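The values are calculated or read from the model by the stated rules, or taken from the named source; none is laboratory data. The structure presented is a predicted model; accordingly, all values stated were derived computationally and were not measured. Counting neighbours? That spans all protein chains shown, and the Cβs are built from the backbone with ideal geometry, glycine included.
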Amino acid sequence: MHSVSKPKKVGSWQAVGAVLAHCRKQARVTQEQFAEMASIHVDTVGSIEQGRLALQPDRAEQFDELLGTGGVLGVLVAKLPVRERIVQFAQGLVDHEQEAVGILSYQSLVVPGLLQTRDYCRALFGYRYPALGSETAEQWVNARMERQLVWQRERPPVGHFVIEESVLRRKVGGSEVMREQIQQILEYTEPVHMSFQIMPEDRTPHAGLDGPMVLLETPEHERLAYLEVQRVSFLVDDPDEASDYHHKYGMLRSQALSPGESVRLLNGLLGDR
């Protein structure tokens, strides 16, 4: 059975926006006046108050200070779960990712989000078409960086990644950004519970030509598969179908370079940059 996630309104951010609007009105300040006080565009104020744009923690602190609300907005934003800070079509993944005991990821176009550096992530969102607003892009970057805290849990999940070689040769953000990104992959996958393998560009047969996938194991040892294309995503929770994806991932691991060969390839790429 597929759980399909599509863009929708965000109730939590609408609630935050309503609180902001209430505090602003209590202070007898118009949207235009508040925008000037905060040095932002009036449309940004409107988007936050209507829940179309998330209120970031640093911005919440600024608004609390400007409106004299005693930190109410900052506390409200801080209490929202991680999933509420994620773009809507990816929330199905994040719901399970944060408590997963195992995460397997095959990526054919970009570095997996859980391994990305901030600059690489920022460059990716900068390439989006249609273009994202700067506030939205930074919101998504911060959310992705927060997702990586999963590796700092007291008992972090087992993580394994299969990455196409072409992903690592594409200079997203420029040579220096890619150098830092490759170094971070090496650092993140150094612990014993983490590993990665590179799929060579000329490798056939290839079990993953249908596209990227993320596989999760829940604390109850249920297997899930997350598939995403453009702005539509599918969370596969049917045991038989999820099992098929896990078998496919196992075949990918057998076809990719070994972990040791993959480390050597990355070190070689670092030497070329």
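I need a count of the residues in the stretch 117-137 that are over 24 Å from MET194 (Cα atoms), crowded, with 17+ Cβ neighbours inside 10 Å and not aliphatic (A, V, I, L, M).
Matching residues across the stretch 117-137 total 4.
Under 7 Å by Cβ, and 6 or more places apart or on different chains, what pairs join a residue from the stretch 17-30 that is in contact (Cβ under 8 Å) with a residue 40 or more places away in the chain with one that is of a type outside the set (A, V, I, L, M, F, W, C) and part of a helix (DSSP H, G or I)?
Hits for this filter: LEU20/GLU49.
Could you check VAL232 against (1) surrounded by 13 or more Cβ atoms within 10 Å (Cβ to Cβ); (2) in contact (Cβ under 8 Å) with a residue 40 or more places away in the chain; (3) farther than 25 Å from VAL177 by Cβ; (4) under 23 Å from the mean Cα position of the chain (by Cα) and say which number it fails?
Going through the list (1) surrounded by 13 or more Cβ atoms within 10 Å (Cβ to Cβ); (2) in contact (Cβ under 8 Å) with a residue 40 or more places away in the chain; (3) farther than 25 Å from VAL177 by Cβ; (4) under 23 Å from the mean Cα position of the chain (by Cα), VAL232 breaks only (1).
Checking GLY173 against (1) of a type in the set (Gly, Ala, Ser); (2) closer than 27 Å to TYR129 by Cβ; (3) in contact with a Ser or Thr (Cβ under 8 Å, 6 or more places away or on another chain), only one condition comes out false. Which one?
With (1) of a type in the set (Gly, Ala, Ser); (2) closer than 27 Å to TYR129 by Cβ; (3) in contact with a Ser or Thr (Cβ under 8 Å, 6 or more places away or on another chain) applied to GLY173, the lone miss is (3).
List the pairs whose first member sits in the stretch 31-51 and is farther than 13 Å from ALA21 by Cβ, whose second member is crowded, with 16+ Cβ neighbours inside 10 Å and aromatic (Phe, Trp, Tyr), and whose Cβ atoms are under 8 Å apart, counting only residues at least 6 apart or on separate chains?
ALA38/PHE63
Could you count how many residues in the stretch 90-124 are modelled with pLDDT under 85 and within 11 Å of the chain's Cα centre (by Cα)?
Here the count works out to 4.
Can you tell me which residue is farthest from GLY271 (Cα to Cα) among those in the stretch 140-171 that are surrounded by 14 or more Cβ atoms within 10 Å (Cβ to Cβ) and among the small types (Gly, Ala, Ser)?
Top of the filtered list is ALA143.
With respect to ALA242, determine if the residue is surrounded by 17 or more Cβ atoms within 10 Å (Cβ to Cβ), modelled with pLDDT under 95 and part of a helix (DSSP H, G or I).
When the stated conditions are applied, ALA242 passes them.
GLY174 - would you say it is surrounded by fewer than 17 Cβ atoms within 10 Å (Cβ to Cβ), on the phi > 0 side of the Ramachandran plot, in contact with a strand residue (DSSP E or B) (Cβ under 8 Å, 6 or more places away or on another chain) and of a type outside the set (S, T, N, Q)?
no
I'd like the residue in the stretch 26-51 that is assigned to a loop (DSSP other than H, G, I, E, B) and within 14 Å of THR136 (Cβ to Cβ) and, out of all such residues, is nearest to the chain's Cα centre (by Cα).
The selected residue is GLY51.
Using beta carbons and a limit of 6 Å, which pairs, at least six apart or on different chains, have the first residue in the stretch 151-175 and over 11 Å from VAL111 (Cα atoms) and the second one modelled with pLDDT under 95 and among the small types (Gly, Ala, Ser)?
From residues that are over 11 Å from VAL111 (Cα atoms), the pairs are PRO157/ALA100.
Checking GLU99 against (1) touching a His at 6+ places or on another chain (Cβ under 6 Å); (2) surrounded by fewer than 19 Cβ atoms within 10 Å (Cβ to Cβ): exactly one of these is not met. Which one?
Condition not satisfied by GLU99: (1).
Any idea which of PHE125, PHE161 is closer than 30 Å to ALA242 by Cα and not assigned by TED's automatic domain parsing to the domain that holds VAL229? First the steps, then the outcome.
Values: PHE161 fails: not assigned by TED's automatic domain parsing to the domain that holds VAL229.
Criteria check complete, one pass: PHE125.
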